[in-house]
Amino acid sequence: PQTGDSVRVIGRVQVSGGEFVIRQPTVVVLANNRTLPQPQVVSAAQVAASTAADPLQGRLVSVANVRVDSVGAGSAGYNVFVTGAGSSFIVRVASQAIAPQSFWTVGGSYNITGALASFNAPQIKIRSQADVTTGSLLPTIREVRAGGAGRNVTFEGVVTAGTGVFSTNANSNQFNVQDATGGVLVLQ
């Protein structure tokens, strides 16, 4: 089967290396070139906590702004060790053809899309370099909140409640912002 194929799979359910798998499969391709599902946005903590029992196992997921801690050695496949908002997991690269080890910058921030897996450790398996985009080196909202009060910060997020939603005061200029790690009230 190729990416975009619709398939019927018959096989034996097992857990291998902590990952839910189907063994001894019979696979029938039903159709080609189907629209791929959109990745489900998850946090680094969700990836790090993933096990074979996780209903998101095997799903296409996306996690934003993880920092590369180190790049493992390997002549074929290798692991990239990343941390996002205090939670660590592996980005699994199946071969140098997908992304050579020189592709990664230790300390760099990336957005990762791929299949959620837990084979011997929580991980996201990328399909190609297109699954990796440059992230933001700005702190997450969780990191901003954990740093305490009294300091100046810069962060990015999405407005979840615009100006005036939570106040009938005409002079109130407040809104809520969140990212995948948390939310904060902004008062102007």
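Among the residues of region 30-55, just one is of a type in the set (A, V, I, L, M, F, W, C), open to solvent by less than 70 Å² (accessible area, probe 1.4 Å) and within 19 Å of GLY4 (Cα to Cα), namely ALA31. Note on region 142-153: residues that are hydrophobic (A, V, I, L, M, F, W, C) and open to solvent by less than 50 Å² (accessible area, probe 1.4 Å) amount to 1. Name every residue in region 1-36 that is under 30 Å from ALA49 (Cβ atoms) and among the acidic types (Asp, Glu), in order of residue number. Matches in region 1-36: GLU19 only. Of the strands (runs of 3 or more DSSP E) lying entirely inside region 1-113, those carrying at least 3 residues that are within 23 Å of GLN178 (Cβ to Cβ) are 60-71, 78-84, 87-93. The set of residues in region 114-141 being open to solvent by 40 Å² or more (accessible area, probe 1.4 Å), touching a residue at least 24 places away in the same chain (Cβ under 8 Å) and closer than 14 Å to TRP104 by Cβ consists of GLN129, THR134. When the criteria are applied in full, ALA161 fails the requirement of being open to solvent by 60 Å² or more (accessible area, probe 1.4 Å) and free of Cβ contacts under 8 Å to residues at least 24 places away in the same chain. Working only within region 56-67, note down all residues that are open to solvent by less than 50 Å² (accessible area, probe 1.4 Å) and either of a type in the set (Val, Ile, Thr) or under 19 Å from ALA130 (Cα atoms) (or both). Selection gives LEU60, VAL61, SER62, VAL63, ASN65, VAL66. Scoring TRP104 on the criteria (1) open to solvent by less than 30 Å² (accessible area, probe 1.4 Å); (2) over 25 Å from GLU143 (Cα atoms); (3) free of Cβ contacts under 8 Å to residues at least 60 places away in the same chain leaves a single failure, condition (2).
The values are calculated or read from the model by the stated rules, or taken from the named source; none is laboratory data. None of these values were measured; they are calculated from a predicted model. Positions of Cβ are backbone-derived with ideal geometry, glycine not excepted, and every protein chain shown enters the neighbour counts. For the accessible areas, the whole protein counts, side chains as well, though only heavy atoms, and no ligand, DNA or RNA atoms are used. Shrake-Rupley method; radii C 1.70, N 1.55, O 1.52, S 1.80 Å.
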